1. Please sort 163-169, 180-186 by packing, taking for each peptide the average over its residues of neighbouring beta carbons within 10 angstrom, highest first.
2. Roughly speaking, what is the centre-to-centre gap between region 145-170 and region 190-210 when only Cα atoms are used, to the nearest Å?
3. What do the square roots of 5 times the Cα gyration tensor eigenvalues come to for region 99-210, in whole Å, largest first, as semi-axes of the equivalent ellipsoid?
4. Starting with the fewest neighbours, write out Leu89, Leu208 ranked by other beta-carbon atoms found within 10 Å of each beta-carbon.
5. So how much slack lies between Ala192 and Thr169, counting 0.36 nm per residue of separation and subtracting their Cα-Cα distance, in nm?
Amino acid sequence: MMYSKRFSEFKKELFRGDKRSKLELSRVLINKNKLRLTLLNSAQPPGGPVREIIFCLFSLLFFTGAHPVHTSITQMQYNAAEKTFEVSLRVFTDDFEEALTKENNNQRVRLSDKDANGPLVERYLRKHFGLTNPSRQRKPFRYIGKEQEVDATWIYIEIPYAESVQGSTLQQSLLMEVFDDQINLVNVAYLAEKKTVLFRKNSPQQVLNW
């Protein structure tokens, strides 16, 4: 596998949640003209933006019929020993293929574990995901690789980061150039604290306050 072993553990943590709080994020998909509801678990303190998202998603499901809602979820885990954010992003493959096709001058992209799309995925990711420190320096990241599941794509990166995260700016605009209703959630675990940050098309960047 291209990605490091510890990212497998991130993936488990992303869907395990913790004893303090556990909320379900709903993802509505249209599959062969039939609605399918997929539930994703994410750690999030009671209340906050995730409850708003859940309400909006179910409202769209029951009041607007077959209108799909597009979502992604990201886990950022700070490794204090290595002074690095270890990041795993989960996107739905059909959505991601559409975005990559647009990035690839409308030449159709299909994703699989054995494809040669790594450079294209990395190029797209560098345009739409990044962490900028309080001094307005965009931090370079290392692209580790990707992994395919039945209907999802996992992407793994590492961001060396020695400064305080307070006042840094996070960009998560994946798929927003394709879907106006795209919602991206990022779970950030930094030292002893966890927060969930919400990104929409009108707010693709957020300042991290710790």
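Read-outs: derived from the displayed coordinates by stated rules, not from any lab. Computed from a predicted model, the values in this text were never measured in an experiment. All Cβ positions, glycine included, derive from the backbone under ideal geometry; neighbour counts span all protein chains shown.
1. Going by the mean number of other Cβ atoms within 10 Å, highest first, we get 180-186, 163-169.
2. Cα centroid to Cα centroid, the span is 13 Å.
3. Result for region 99-210: semi-axes of 26, 16, 14 Å.
4. By the 10 Å Cβ count, ascending, the order reads Leu208, Leu89.
5. Here the answer is 6.3 nm.
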